[in-house]
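Some notes on the structure that comes next.
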Amino acid sequence: MDKLPVHDCLEAVVGALRDERSVILRAPPGAGKTTGVPPAILESDVLHAGRTLLLQPRRMAARAAAHRLASLNGDSVGGTYGYHVRFDRKVSRDTRLVAITTGVLVRQLIADPLLENVACVILDEFHERSLEMDLVLGMLQRIRTTLRPELRLVVMSATLETREVAGLLSDAEVIESEGRAFDVEVRYQPAHSRDRIESLVAKQLPAALRGSDGDVLVFLPGVGEIHRTAEAIRGHADREGLVVEKLYGDLSPQDQDAVLRPSQTRKVVLATNVAETSITIPNVTAVIDSGLARVMRYDAGVGLPSLQLEPISQAAADQRAGRAGRTAPGVCYRLWPQKMHRSRPEQTTPEVLRTDLSSAMLTLAVWGERDAGDFPWVTKPTNHSVDSARQLLLRLGAIDDGGGTTEEGAQMATLPLHPRLAKLMRTASKQACTQEASLAAALLSERDPFDRSTRFEPFRRESAIESDLMDRVLRLRRYLDGDTDEAVHPGGAKNVSRVADRLRQSVESQATERQDAAPAATLDERFACSLLAAYPDRLARRRRPGSENGVMVGGRGVRIAKSSSVRTAELFLCIDLQGRGDEAEVRSASAIDPSWLPSEDLVERRESFFHPSMKAVVARQRTYFHDLMLGEGPCECEPDESTARLLFEHAAPMGESILPKDDKPLHSFLTRWRFVSPDADRLGVLPWTSQVFEELLREFCATRLSIKQLRDAPWLDYLRSCFSYEQLQVLDQQAPESIEVPSGNRIRLEYREGKPPMLAVRIQELYGWTETPRLAGGSVAVQLHLLAPNHRPQQITEDLASFWKTTYFEIRKELKRRYSKHHWPDDPLTAKATKNGLKPK
């Protein structure tokens, strides 16, 4: 084999391992990491007894690496070099290195926490930062720092910023390999185009074929784009005599191997990002990069991690370009402008920060790690994602309140599935519907074999439970049994069937005893109960009979899609949700009968709430599944702390308007209290404040249930009780309800907000008063409204002495003429006041 750039680093790698240090190797795409480092380690004397594991992020990469290494060794796969991926294993007693996927190694770590037969683990393509790769590195580091310091670790990456990994592996030696095997020229589009991807590729392909002599590798985001692009370039390929190959994860191993074999005919390989790392496609000298990929993120709609279409990072684009320089100088055509390239993120966001952690959390729990925060992560996950994963595992019965694994959780962790789907399979095994559940789990976790552009007609069955997922399962099963169905993609169906068979075998092999459902239960009912166990947080209740709208556990609003077959059930599971915001569309639902709900998840509560039309606190006896209310009935309501709190919350915003309007003594006392409040400290009384009112309101709410009862409460008695006898006397003196005037009559004072108290009195009743009366300790003069005999005001004054000196004599002439029988003395200061205003006899 020709010397590759990484060969210059191999001595340093082996030397670090000999010194019992871990290694972080950074080498550009095309440097030969995957084919150069493993043989160098095996041929050295640095390892103790045990195998070496070459960890790959994908099944195709693991198989391809094993085949390539075996070929270079002049051996067949299963000899010195083997592989172990999901549902496929080629390993013998002579195998020294196993190319293995992260998922398989995670389950191996669960079964054998110390990896006692492993001497070295090489983590390849770590820059992809998959959650499982991060998880495995943390677990291996935990092993090395506790019980197995002799275990060797090598972390290899093409574009990784090494600082975080070096921070975790404190003993690591960071080694860099400079240079690529061959140069790659990168060309950009002149401007952004809104054309479909397949059209852009078809336009670019002729230039790619002219620009180099080798094969062309086209990076596309998914299988759908691959099929459409194949159609778009078919005519050109036929004219040029090209072979068009497709490469994606769901291909059978045989089909994958065919793509990777050298060809005498020039070919165009349409691939997803499975071709981005680890595998080498011979003779590729041109790359056409769509710049898009489906990135694993947590999909809240289906409650599972899923692939979402996104622009790739700059690092991933460099990795793709490097595919063109593996065997000769090459060229990479990027289907976006150079100015847009700079706006892309430099590195791919670690999956630990963007996906569901429940699988990783379950693995750690089984492994004995109860606190995810103490685990040695390369990048620590957010507290929110950890809490969300923990809540889901609790609901699935996989962990206990302390974070430890339950027996059920330990069994779930052995299945190569998300915990939801593992719970589905475990429950289905007890419900005797494993075959249907395995197809459902495969449909939910693998590429959808149904053509979404074809309208799906539900499979109608007599006495069946409404279930969109069951309809799809039965439709796929009919296809697999030989029925024709144009909406089913053969390759996708074959893959789903293969995965379903393996899942069924896995769960059946771990079953020690079967708890079959009651004989009367139908298949549909058993399947629905299995789904309920997997999606307890997705139960929803229709808002009203016949409505498409409902509310789900957690309080989120949902709306059943018109295409759904679930039209009548009051309760249903939201298997697939689409849309964000307050109300999401349920694209796949399954009806649930209330009698199927586990009794341990049902809670009966007497709850109080404020009834807006009754303006009162009322009580209901309510039944809940988690936090979803299933039903309610009336019950007697008695005042308690909760009713008091509810009543106060609705009464407090009403303020003093809640007081009875026609209670004059009450309002009189309250206005007098307000009047003296500015001088309360000087007068020695309690000032009136909103806090005082709220304290009184709270006291009344403690023994009452309605606004009406609050209005009828003895407010005046309670207000007076805020004063001592002496303070009441002060209040009556400094803010009296009425004042006795010289005539002997008592005249009621009117207290007004922001104005002095007013006393409306006939002039004849004030003869003999020399000064205006003052209140509040003499700080406020009473405003006198001096009335004529007809009780109409003739003068408003707060200075009575001035009135007697001047104004009295001015108005006396006119009033004496009009009211001659009334008393109009020449000297009002010495004259006798009269009650009726007439001249004294």
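Only one of Ala591, Ala533 is assigned to a strand (DSSP E or B), of a type in the set (Gly, Ala, Ser) and open to solvent by less than 30 Å² (accessible area, probe 1.4 Å); which? Even if it seems obvious, please write down each step before you answer.
On the way: Ala533 fails: assigned to a strand (DSSP E or B).
Just one listed residue meets the conditions, Ala591.
Within the stretch 324-349, track down each residue that is hydrophobic (A, V, I, L, M, F, W, C), surrounded by fewer than 21 Cβ atoms within 10 Å (Cβ to Cβ) and closer than 30 Å to Thr379 by Cβ.
Met340
Collect the residues in the stretch 147-167 that are in a loop (DSSP other than H, G, I, E, B) and more than 17 Å from Leu135 (Cβ to Cβ), keeping them in residue-number order.
Leu147, Arg148, Pro149, Glu150, Ala158, Thr159, Glu161, Thr162
Against the conditions (1) in contact (Cβ under 8 Å) with a residue 60 or more places away in the chain; (2) open to solvent by 20 Å² or more (accessible area, probe 1.4 Å); (3) among the hydrophobic types (A, V, I, L, M, F, W, C), where does Ile707 fall short? Just the number, please.
Only one criterion in (1) in contact (Cβ under 8 Å) with a residue 60 or more places away in the chain; (2) open to solvent by 20 Å² or more (accessible area, probe 1.4 Å); (3) among the hydrophobic types (A, V, I, L, M, F, W, C) is unmet by Ile707, namely (2).
If you take the residues in the stretch 794-841 that are touching a Leu at 6+ places or on another chain (Cβ under 8 Å), surrounded by 13 or more Cβ atoms within 10 Å (Cβ to Cβ) and among the hydrophobic types (A, V, I, L, M, F, W, C), which one is farthest from Leu784 (Cα to Cα)?
Trp824
Could you please tell me which pairs satisfy a Cβ distance under 8 Å, a separation of 6+ or placement on different chains, a first residue in the stretch 184-204 that is of a type in the set (Lys, Arg), and a second residue that is open to solvent by 60 Å² or more (accessible area, probe 1.4 Å) and outside any loop (DSSP other than H, G, I, E, B)?
Close Cβ pairs satisfying both conditions: Arg196/Arg228.
Kindly evaluate Arg210 against the criterion of being within 38 Å of the chain's Cα centre (by Cα), at pLDDT below 95 and part of a helix (DSSP H, G or I).
Details: within 38 Å of the chain's Cα centre (by Cα): no; at pLDDT below 95: yes; part of a helix (DSSP H, G or I): yes.
Spelling it out, it is not the case that Arg210 is within 38 Å of the chain's Cα centre (by Cα), at pLDDT below 95 and part of a helix (DSSP H, G or I).
Of everything in the stretch 392-402, what is out of contact with any His (no Cβ under 8 Å at 6 or more places or on another chain), in contact (Cβ under 8 Å) with a residue 24 or more places away in the chain and open to solvent by 10 Å² or more (accessible area, probe 1.4 Å)? Give them in sequence order.
Leu392, Gly397, Ile399, Gly402 - these are the residues of the stretch 392-402 that are out of contact with any His (no Cβ under 8 Å at 6 or more places or on another chain), in contact (Cβ under 8 Å) with a residue 24 or more places away in the chain and open to solvent by 10 Å² or more (accessible area, probe 1.4 Å).
Kindly list, by first and then second residue, each pair from a residue in the stretch 597-608 that is within 21 Å of Cys635 (Cβ to Cβ) to a residue that is among the basic types (Lys, Arg) and open to solvent by less than 90 Å² (accessible area, probe 1.4 Å), limited to pairs with Cβ atoms under 6 Å and residues at least 6 apart or on different chains.
Listed pairs, sorted by first residue: Arg605/Arg622; Glu607/Arg620; Glu607/Arg622.
Which of the residues belonging to the stretch 643-663 are open to solvent by 60 Å² or more (accessible area, probe 1.4 Å), in contact (Cβ under 8 Å) with a residue 24 or more places away in the chain and over 14 Å from Leu705 (Cα atoms)?
Met654, Glu656
Could you please give the count of residues in the stretch 239-291 that are under 21 Å from Gly224 (Cα atoms) and small (Gly, Ala, Ser)?
7
Given the criteria over 35 Å from the mean Cα position of the chain (by Cα) and surrounded by 13 or more Cβ atoms within 10 Å (Cβ to Cβ), does Ser613 qualify?
So Ser613 does not fit the description; no.
Specify the residue that is farthest from Trp673 (Cα to Cα); the eligible residues are those in the stretch 705-731 that are in a loop (DSSP other than H, G, I, E, B) and out of contact with any strand residue (DSSP E or B) (no Cβ under 9 Å at 6 or more places or on another chain).
By that ranking, first place goes to Asp712.
Take the residues in the stretch 15-39 that are open to solvent by 20 Å² or more (accessible area, probe 1.4 Å) and touching a helix residue (DSSP H, G or I) at 6+ places or on another chain (Cβ under 8 Å), then tell me which one is modelled with the lowest pLDDT.
Pro28
The conditions are (1) open to solvent by 20 Å² or more (accessible area, probe 1.4 Å); (2) part of a helix (DSSP H, G or I); (3) touching a His at 6+ places or on another chain (Cβ under 8 Å); (4) of a type outside the set (Lys, Arg), and Met758 fails exactly one of them. Which is it?
All conditions pass for Met758, except number (2).
Restricting to the stretch 76-91, name every residue that is more than 30 Å from Pro419 (Cβ to Cβ) and open to solvent by 40 Å² or more (accessible area, probe 1.4 Å).
If the condition is that a residue be more than 30 Å from Pro419 (Cβ to Cβ) and open to solvent by 40 Å² or more (accessible area, probe 1.4 Å), then Ser76 is the only one that fits.
Say we look at the stretch 411-433 and pick out the residues that are in a helix (DSSP H, G or I) and more than 26 Å from the chain's Cα centre (by Cα); which of these is farthest from Val366 (Cα to Cα)?
Just the residues of the stretch 411-433 that are in a helix (DSSP H, G or I), to begin with: 411-413, 419-431.
This time we only want the ones that are more than 26 Å from the chain's Cα centre (by Cα), so: 411, 426-431.
Numbers: Gln411: 10, Arg426: 17, Thr427: 19, Ala428: 22, Ser429: 21, Lys430: 22, Gln431: 25 Å.
Ranking the qualifying residues of the stretch 411-433, first place goes to Gln431.
Here's the yes/no breakdown for (1) within 28 Å of Leu25 (Cα to Cα); (2) open to solvent by less than 30 Å² (accessible area, probe 1.4 Å); (3) of a type in the set (Val, Ile, Thr):
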residue	(1), (2), (3)
Asp183	yes, no, no
Asp195	no, no, no
Leu205	no, yes, no
Ala208	no, yes, no
Gly211	no, no, no
Gly222	no, yes, no
Ile233	no, yes, yes
Leu242	no, yes, no
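Quickly run through the stretch 820-835 and pick out the residues that are in contact with a strand residue (DSSP E or B) (Cβ under 9 Å, 6 or more places away or on another chain) and free of Cβ contacts under 8 Å to residues at least 40 places away in the same chain.
Lys821 - this is the single residue of the stretch 820-835 that is in contact with a strand residue (DSSP E or B) (Cβ under 9 Å, 6 or more places away or on another chain) and free of Cβ contacts under 8 Å to residues at least 40 places away in the same chain.
In the stretch 119-146, which residues are open to solvent by 20 Å² or more (accessible area, probe 1.4 Å) and assigned to a loop (DSSP other than H, G, I, E, B)?
Listed by number, the list holds a single entry, Ser130.
Residue-wise test of (1) of a type in the set (Ser, Thr, Tyr); (2) part of a loop (DSSP other than H, G, I, E, B); (3) over 25 Å from Gln391 (Cβ atoms).
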site: Phe610; (1), (2), (3): no, no, yes
site: Val618; (1), (2), (3): no, no, yes
site: Cys637; (1), (2), (3): no, yes, yes
site: Thr643; (1), (2), (3): yes, no, yes
site: Phe648; (1), (2), (3): no, no, yes
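What are the residues in the stretch 97-118 that are buried (at least 21 other Cβ atoms within 10 Å of the Cβ) and not in a helix (DSSP H, G or I), if any?
Within the stretch 97-118, Leu97, Val98, Ala99, Ile100, Thr101, Val118 meet the criteria.
Each row is one residue, and each column tells you yes or no for (1) within 30 Å of Pro329 (Cβ to Cβ); (2) in contact with an Asp or Glu (Cβ under 6 Å, 6 or more places away or on another chain).
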{"residue": "Pro28", "(1), (2)": "yes, no"}
{"residue": "Gly32", "(1), (2)": "yes, no"}
{"residue": "Thr101", "(1), (2)": "no, no"}
{"residue": "Leu131", "(1), (2)": "no, yes"}
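Right, Phe693: within 15 Å of Phe669 (Cα to Cα) and of a type in the set (A, V, I, L, M, F, W, C) or not?
Values: within 15 Å of Phe669 (Cα to Cα): yes; of a type in the set (A, V, I, L, M, F, W, C): yes.
Criteria met by Phe693.
Looking at the stretch 632-639, is at least one residue in contact with a His (Cβ under 8 Å, 6 or more places away or on another chain) and more than 18 Å from Ala533 (Cβ to Cβ)?
Residues of the stretch 632-639 that are in contact with a His (Cβ under 8 Å, 6 or more places away or on another chain), as a first pass: none.
No, there is no match, as no residue in the stretch 632-639 is in contact with a His (Cβ under 8 Å, 6 or more places away or on another chain) and more than 18 Å from Ala533 (Cβ to Cβ).
Conditions: (1) open to solvent by 30 Å² or more (accessible area, probe 1.4 Å); (2) touching a residue at least 24 places away in the same chain (Cβ under 8 Å). Val782 meets all but one. Number of the miss?
Val782 satisfies all of (1) open to solvent by 30 Å² or more (accessible area, probe 1.4 Å); (2) touching a residue at least 24 places away in the same chain (Cβ under 8 Å) except (1).
In this structure, is Thr159 open to solvent by 10 Å² or more (accessible area, probe 1.4 Å) and touching an Asp or Glu at 6+ places or on another chain (Cβ under 8 Å)?
Yes, satisfied.
Suppose the filter is within 22 Å of Lys339 (Cα to Cα) and hydrophobic (A, V, I, L, M, F, W, C); does Ile233 pass it?
It is false that Ile233 is within 22 Å of Lys339 (Cα to Cα) and hydrophobic (A, V, I, L, M, F, W, C).
The values are calculated or read from the model by the stated rules, or taken from the named source; none is laboratory data. A quick note: this is a predicted structure, and the numbers were derived from the prediction, not measured. For neighbour counting, all protein chains shown are included, and Cβ atoms are generated from backbone atoms with ideal geometry for every residue, glycine included. Side chains included, ligands, DNA and RNA excluded: accessible areas come from the protein's heavy atoms. Shrake-Rupley method; radii C 1.70, N 1.55, O 1.52, S 1.80 Å.
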